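Following: one structure in structure tokens, then a few remarks.
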Amino acid sequence: MIEYELNSIPDVPIMPLNLPVLQAHHVQVSVLCLDQIDAHASGNKYFKVLAHLDWIEQNKCRHVISFGGAYSNHVHALSVACDELNRCRAEHERVQLTIIVPQGQYEHTGVRPSATLLDAHRLGAVIRYVSRSEYRQRHSTDYLKQLSDDFEQAHVIAEGAMDALGYQGSHVLGAYVAKLMARWSDKQQAAIDWLMLPCGTTSTLMGMLHTLPSALSVLGVPVLKPSHYKDQLAQGCDALPLKALPSWSIDETPHVTRYGQVNDQLRALAAESLQQCGIPLDPIYNVKVVQRLIDKVVYDGFAHRQHVLLMNTGGLQGARGFDDWPVSISHY
């Protein structure tokens with residue numbers, strides 16, 4: 001599966017992040033621009049739905065059910081993927097995607113849904129609003145079985161594709177990143193010492209460890225509290241193969257802003273990255289990784305005279321939920 005997917009996935013550029021503060025501390029930083037892999041379904045979520053799409057095709061599924069919030073990157077990527085799948089199918093063979101969303105106030109109050117949910121609806125998804133108490137059952141085996149029974153030939157995908165097939169997609173992502181890194185190193189005659197990426201549940205990072213080169217050091221930067229990712233991290237550790245793995249760690253220094261929140265410092269950093277380097281950063285994940293890198297470089301002497309590769313995991317579509325976030329509308 002990995003070889004097939006790698007042959008069919010377009011390459012993305014590795015671009016220099018020449019911010020003055022990083023250059024002053026003699027740290028070379030580049031960005032692997034996963035946000036450019038697809039015009040709409042970008043970043044790590046592109047990869048996490050790959051194995052699900054194979055399953056849907058092989059099992060001739062007619063319904064797909066998944067979960068997500070108002071600005072979910074997973075919801076957006078999955079909606080795009082199902083729409084593209086349906087374009088290749090006869091009308092009677094098309095997949096109906098249903099997205100289960102918490103807090104069903106939109107249809108009751110007349111508040112306009114988020115841009116993400118409007119995109120999903122435009123692409124053919126049915127948005128099903130449920131109470132918070134029902135949404136909390138999304139990991140329950142009984143609840144998921146009931147959903148499967150309610151729909152004909154149904155395939156249920158966990159929130160964020162945080163499941164076995166999503167994990168396989170992260171294996172593909174690790175192999176893909178390894179391929180691009182090797183090609184860059186051969187061309188530049190230089191090594192990449194660190195790979196740094198944002199983490200929600202850590203499932204992307206843990207899946208990638210299966211296929212990244214063992215000589216690499218990998219640092220994950222969580223944007224959620226430990227209580228939200230510790231269980232998934234433990235499960236990922238249990239699933240790691242018995243082979244030489246990259247050196248890896250989770251940076252558990254808490255960020256000054258909560259999940260989904262930004263401040264003036266992050267806004268200014270995103271503007272500087274876009275204006276000086278041509279690299280857009282989303283407000284939820286990637287701008288916080290760049291800020292954490294700067295803090296570690298300045299205060300901890302991190303990666304002195306080394307090369308750090310940041311993996312931009314996409315998510316720019318979610319910036320539409322933030323007023324005046326420094327990113328062009330063309331990036332959505």
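The values are calculated or read from the model by the stated rules, or taken from the named source; none is laboratory data. It should be emphasised that the depicted structure is a prediction, and the values quoted were computed from it without experimental measurement. All Cβ positions, even for glycine, are placed from backbone atoms using ideal geometry, and neighbour counts span all protein chains on display. Protein only, heavy atoms only, side chains kept; ligands, DNA and RNA dropped before computing areas. Shrake-Rupley method; radii C 1.70, N 1.55, O 1.52, S 1.80 Å.
Can you give the FRET efficiency to the nearest 0.05 for Q261 and Q23, using r as the Cβ-Cβ distance and R₀ = 30 Å?
Working from the Cβ atoms, E equals 0.55.
Would you mind getting the Kirkwood hydrodynamic radius of segment 198-287 from its Cα pairs, rounded to one decimal in Å?
About 14.6 Å, per the Kirkwood formula over Cα pairs.
Let me check against my output: what whole-number percent is the relative contact order of the chain, with C-alpha pairs under 8 Å and at least 6 apart? All intermediate terms of the calculation are to be shown ahead of the outcome.
Numbers: 585 pairs, mean separation 77.4, N = 332.
For the chain, the relative contact order is 23 percent.
When DSSP beta bridges are limited to those with both residues in the chain, what percentage is antiparallel, rounded to the nearest 5?
If we restrict to bridges inside the chain, about 10 percent are antiparallel.
Please give the contour-minus-distance gain from Q306 to H92: 0.36 nm per residue of separation, less the Cα-Cα distance, rounded to one decimal in nm.
71.5 nm
Which values of log₁₀ I(q)/I(0), to two decimal places, follow from the Debye formula for segment 8-62 at q = 0.12, 0.13, 0.17, 0.24 Å⁻¹ with a uniform point scatterer at every Cα?
For segment 8-62, the Cα-only Debye profile gives -0.46, -0.51, -0.69, -0.93.
Given the DSSP H assignment, sum -39500 (n - 2.57) over each helix run of at least 4 residues in the chain and divide by its residue total; what's the result at 222 nm in deg cm²/dmol, nearest 500?
Values: 14 runs with 136 residues, N = 332.
The helix-only estimate for the chain comes to -12000 deg cm²/dmol at 222 nm.
With labels modelled as points extended 7 Å from the Cα through the Cβ direction, what inter-label distance (nm, one decimal) is found for H139 paired with D238?
Label at H139, label at D238, 1.2 nm between them.
Over all distinct Cα pairs, what is the inverse of the mean 1/r for segment 5-145, reported as the Kirkwood hydrodynamic radius in Å?
Values: mean 1/r = 0.0575 Å⁻¹.
Evaluated over segment 5-145, this radius sits at 17.4 Å.
Write down the Å³ per residue value for the convex hull defined by the alpha carbon atoms of segment 150-259. Each step should come with its number before you reach the end.
Numbers: hull volume 15.4 nm³, N = 110.
Taking only Cα atoms, segment 150-259 has a hull volume of 140 Å³ per residue.
With no solvent and one equal point scatterer placed on each C-alpha of the chain, evaluate the Debye formula and give log10 I(q)/I(0) for q = 0.09, 0.10, 0.13, 0.14 Å⁻¹, two decimals.
The calculated log intensity ratios at q = 0.09, 0.10, 0.13, 0.14 Å⁻¹ are -0.47, -0.58, -1.00, -1.16.
Averaged per residue, what accessible area in Å² does the chain show with a 1.4 Å probe, protein chains only?
In whole numbers, the chain has 47 Å² accessible per residue.
Relative contact order (percent) for segment 114-225, with alpha-carbon contacts under 8 angstrom and 6 or more residues of separation?
Relative contact order, segment 114-225: 22 percent.
Scattering from the C-alpha atoms of segment 269-327 alone, worked out with Debye: what is log10 I(q)/I(0) at q = 0.13, 0.18, 0.19 1/Å?
For segment 269-327, the Cα-only Debye profile gives -0.36, -0.65, -0.72.
Within the chain, which DSSP H helices have Cα atoms that stretch 18 Å or more along the helix axis and a mean Kyte-Doolittle hydropathy of at least 0.0? Mind dumping the intermediate values first?
On the way: long enough: 73-87 (21 Å, -0.24); 164-188 (36 Å, -0.14); 264-277 (19 Å, -0.25); 286-300 (20 Å, 0.11).
Span-like helices in the chain: 286-300.
Would you work out what percent of the accessible area of the chain, with all protein chains in place, is carbon or sulfur (probe 1.4 Å)?
Here it works out to 49 percent.
Cα extents of segment 232-332 along the three principal axes, largest first, in whole Å?
Ordered largest first, segment 232-332 gives principal extents of 46, 31, 25 Å.
Give the Rg/Rh ratio for segment 71-214, taking Rg as the radius of gyration of the Cα atoms and Rh as the Kirkwood radius, to two decimals.
When Rh is taken as the Kirkwood radius, the ratio is 1.06.
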